[in-house]
Amino acid sequence: MPKMKGGELIAQYLVQEKVPYIFGICGHGNVGILDALYDVKDQLQLVSPRHEQCAGHMADAYFRVKHKPVATLTSTGPGSANMVMSCATALSDSSAFLCITSNVPTSQHNRAPFQELYKHNQADFAQVMRPVVKRAFQPTRVDMLPLALRQAMDTMVTGRPGPVNLDIPYNVYQEEDEVELPPSSNIHRAHRPGASDADVAQTLGLLAAARQPVLFIGHGATLSEAGPEITELAESLGIPVITSPNGMGAIRGDHPLALGFIGRNGAYPANEAGRRADLVITLGTRFDDRSASSWHPGYSWNFPKTQLVHVDIDPQELGRNYVPTLGIIADIKVFTRQLLAALPQRQEITAARFAPWLAQVQAWQAQWEAFVRPHFSDSTSPLRPEFVVGTLQKVLPDDVILSLDSGVHHNWFMQFWQAKRPQSMLNSWGFSSMGFGVCGIMGAQLAAPERPCVAVVGDGGFTMAPYVLCTAVEYKLPVIWIIWNNFAWAAIRDLQYGLFNGREIGTAFYKGQSGERYNPDFAAWARACGADGFTVTRSQDLGATVQQALKNKRPCVIDVHVDAEVRPPSTGTWQLPPIPYKEPIYGKPHRA
C-alpha cells in the first residue's frame, strides 16, 4: 500500500463518495488539510463563508434539498465551537452532514496548548459535540482514519439522518501511513425497512373501523421522498392530510385534501380535523409541543380517545408523547407503498366510507378561508403580514426553495404558505435557530442552482448573520433575502404583550432613549457588499420588486416594512409552564 497523509486520505475519500462541496473556514488547526484539498479542488470545492455556524447551516440545507450529504471543515477551538448551533439544528430536524473539526496535535495532549480543552480529559472537544451529533469520532492516528471515515459516512444516513462529527488532531492531517481508501459507504444506498404483514393488516383493520381518519405527515415523509405515495393514498380514500413544517410540500399545499399545519399557529381546518379525528396515521413526524398545542387534550389532538398509528424510522419517537395504538418502525415510502398494495384486499375501505367526514372538513376549510382571505388584499403601509405572504405566493414560481428563519414571520408562513414541491420549505423547527434561514439558503442554492432560492428572515435574525452577503457575492449565488422588518424581536415582544401585561423590555429596536424605531438601512448594506438592495414600504411595490429581483439573478436584499401590530390568529394553544395557556382566537377546543 502507498503511504498517504491523513489529509490526503480524507480529501480523496470525499471525492470517492462524490461529495461535491466542503463548507469551511481556515485556521491554524486545519491548515494541514488545505493543501490536500487544493489537489482535488476541481472535484471537491471548498466554499468558505464568513462564519463557521453558517457553514453548518449551508451543509444542513444542502442535505434537505438534495438528500445527499456534504462536509464542513473548521479549525481548533472557537471555529469548531461555532459548529454547535448548526449541528444541534441539523440533529433536531434529522438532517445530515459530515462535521470535520480539528484539534491540537496528539503530542501536545493534556499540556494545555493553544485552544485545547483539557479540564476533564485531553483534547476533549468531542465531548462538546456529543449532545448535538448522531455520533462523534476522534481518530488519533492516520491508520484509524479509513474505518472512522466509512463509519461516519454510514452513520449519517442510516436510519434517521443526522450530523456526525469527525474530530482530527492536527498532526493526523500531515502524518503518513500505509493506508488505502476504505470501501464506499452506504450514503447513496438508503436502507428502507418496511412494516410486517401483521402491522399492515392491523393498520387496515383500524382504517376499516374508522369514520374520521386523518394523515399527519412530517420530515420522515420528506426524507423518504414519499410524497407521490402519500398523495395517492389520500386521494384514493379521500383522507385529509395535516402537515408538519418539514413535511410541507410532500403533498402540494394547494391540494384540496391538504389542511396545512396544526397547533397554536396552525390552520383552523387542521386543528379542527385533528381534535375530531377518530384515527390518526402519523407518517414520519413527532408530536412536539407546537404541533400538539402543548399536549392539552382537545386543542389539536384527543389521544388516547383517538386511535393512533405511529410510523417512524426512529424507534425513539414511538410513544414519546402519545402511546400509539400501533407503533411501526419503517421507512415512510416503503410503508405507504405496502398500505397501497394491500388496500384492494379490504374492499370496505373506500372514499365513499369517509365522504361525510370529508364534507365536514371541506366546510371548515371554506369557513377558515372566508375568515382570513379578506386581509390578503389589504393595501397598507407598513404592509400587513397576510398581504406579504399572499403576494409572495403569487409571484414566486412553484419551484422556489423557501428558507425561513426563526421569528414571528415563521408563524405567518406556517399558517398560510402553500409549498408546491417537496424539499422546498426549509425550517429550523426542532431547535428554532436564528441564522438557519439566513445562511441555509446559500446551501440550498448550491444544491439546486437551477431553482430560485428565497429566504424570508426577520430583521433581528438577519442582523445576526449579515456576512452572508459577502459569501453570496463571492460565489455568485443569486439568493434573495426578504427581510420581515418590524423593528423588533416581535415574536418575544408579543409574548410580553400577551402574557406579561404589555411590559415590553429588551424586544423592540429603538435609537437610544428617543423612542424612535431603529434598524440599519438594509438595502444600502446590501449594495455596500456588492449585492442589489431594495426597500419596500408600500403594498403596491412588493410584487414588482420581487419579480425584478428574480429577473436580475443576483444576490439581493429586499427590506419589507411589516406591520408589527397584526398577530397571527391562534387556532390551537401553546404554553410556557407555569404560565396559564391562552384559548384560541379562532375556533374552540373539542374534547372527545
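The values are calculated or read from the model by the stated rules, or taken from the named source; none is laboratory data. Because the structure is a prediction, the values reported are computed rather than measured. Heads up, the Cβs are rebuilt from the backbone with ideal geometry, glycines too, and the neighbour counts pull from every protein chain shown. Heads up: the accessible areas ignore ligands, DNA and RNA and are worked out on the full protein's heavy atoms, side chains in. Shrake-Rupley method; radii C 1.70, N 1.55, O 1.52, S 1.80 Å.
Has region 540-550 got at least one residue that is touching a residue at least 40 places away in the same chain (Cβ under 8 Å), open to solvent by less than 70 Å² (accessible area, probe 1.4 Å) and either in a loop (DSSP other than H, G, I, E, B) or among the aromatic types (Phe, Trp, Tyr) (or both)?
Just the residues of region 540-550 that are touching a residue at least 40 places away in the same chain (Cβ under 8 Å), to begin with: 540, 542-543, 546-547, 549-550.
Those still in the list that are open to solvent by less than 70 Å² (accessible area, probe 1.4 Å) too: 542-543, 546, 549-550.
Keeping just the survivors that are either in a loop (DSSP other than H, G, I, E, B) or among the aromatic types (Phe, Trp, Tyr) (or both) gives none.
Checking region 540-550: not a single residue is touching a residue at least 40 places away in the same chain (Cβ under 8 Å), open to solvent by less than 70 Å² (accessible area, probe 1.4 Å) and either in a loop (DSSP other than H, G, I, E, B) or among the aromatic types (Phe, Trp, Tyr) (or both).
Output the residues belonging to region 117-139 that are assigned to a loop (DSSP other than H, G, I, E, B), open to solvent by less than 50 Å² (accessible area, probe 1.4 Å) and at pLDDT 90 or above. Lay out the reasoning, then the answer.
Of all residues in region 117-139, those assigned to a loop (DSSP other than H, G, I, E, B) come to 117-124, 133-134, 138-139.
Filter once more, keeping what is open to solvent by less than 50 Å² (accessible area, probe 1.4 Å): 123-124, 133, 139.
Once the filter is applied, which keeps residues that are assigned to a loop (DSSP other than H, G, I, E, B), open to solvent by less than 50 Å² (accessible area, probe 1.4 Å) and at pLDDT 90 or above, region 117-139 yields 124, 133, 139.
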(Q) Among the residues of region 479-498, are any open to solvent by less than 10 Å² (accessible area, probe 1.4 Å) and within 18 Å of residue 59 (Cα to Cα)? (A) yes
Q) Counting only residues that are under 28 Å from residue 492 (Cβ atoms), among the hydrophobic types (A, V, I, L, M, F, W, C) and touching a strand residue (DSSP E or B) at 6+ places or on another chain (Cβ under 6 Å), how many does region 525-555 have? A) 4
Q) If residue 339 passes every condition in (1) in contact with a strand residue (DSSP E or B) (Cβ under 9 Å, 6 or more places away or on another chain); (2) more than 18 Å from residue 208 (Cα to Cα) but one, which one does it miss? A) (2)
Q: Being modelled with pLDDT of 95 or more and either of a type outside the set (Val, Ile, Thr) or in contact with a Leu (Cβ under 6 Å, 6 or more places away or on another chain) (or both) narrows it down to one of 455, 488, 508, so name that one.
A: 455
Q | Given (1) open to solvent by 60 Å² or more (accessible area, probe 1.4 Å); (2) more than 16 Å from residue 216 (Cα to Cα), index of the condition residue 307 fails | A | (2)
Q | Within region 458-472, considering residues that are open to solvent by 10 Å² or more (accessible area, probe 1.4 Å) and among the hydrophobic types (A, V, I, L, M, F, W, C), the one farthest from residue 554 (Cα to Cα) | A | 464
Q: Output the residue which, of all residues in region 10-26 that are part of a loop (DSSP other than H, G, I, E, B) and within 11 Å of residue 45 (Cβ to Cβ), is most open to solvent (accessible area, probe 1.4 Å).
A: 20
Q: Looking only at region 142-149, decide whether some residue is at pLDDT 95 or above, more than 22 Å from residue 82 (Cα to Cα) and open to solvent by 70 Å² or more (accessible area, probe 1.4 Å).
A: yes
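Would you mind finding the one in 7, 29, 56 that is assigned to a loop (DSSP other than H, G, I, E, B) and crowded, with 20+ Cβ neighbours inside 10 Å? Break it down stepwise before answering.
Working: 7 fails: assigned to a loop (DSSP other than H, G, I, E, B); 56 fails: assigned to a loop (DSSP other than H, G, I, E, B).
On inspection, the qualifying residue turns out to be 29.
Results for (1) of a type outside the set (Gly, Ala, Ser); (2) in contact (Cβ under 8 Å) with a residue 40 or more places away in the chain; (3) more than 30 Å from residue 296 (Cα to Cα); (4) out of contact with any helix residue (DSSP H, G or I) (no Cβ under 9 Å at 6 or more places or on another chain), shown as yes or no for each residue.
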site: 486; (1), (2), (3), (4): yes, yes, yes, no
site: 490; (1), (2), (3), (4): no, yes, no, no
site: 527; (1), (2), (3), (4): yes, no, yes, yes
site: 552; (1), (2), (3), (4): yes, yes, yes, yes
site: 561; (1), (2), (3), (4): yes, yes, yes, yes
site: 566; (1), (2), (3), (4): yes, yes, no, no
site: 574; (1), (2), (3), (4): yes, yes, no, no
Q) Right, residue 152: touching a residue at least 24 places away in the same chain (Cβ under 8 Å), small (Gly, Ala, Ser) and within 16 Å of residue 183 (Cα to Cα) or not? A) yes
(Q) Looking for something closer than 14 Å to residue 168 by Cβ, touching a residue at least 12 places away in the same chain (Cβ under 8 Å), open to solvent by less than 50 Å² (accessible area, probe 1.4 Å) and of a type in the set (S, T, N, Q) - is there at least one such residue anywhere in region 87-101? (A) yes
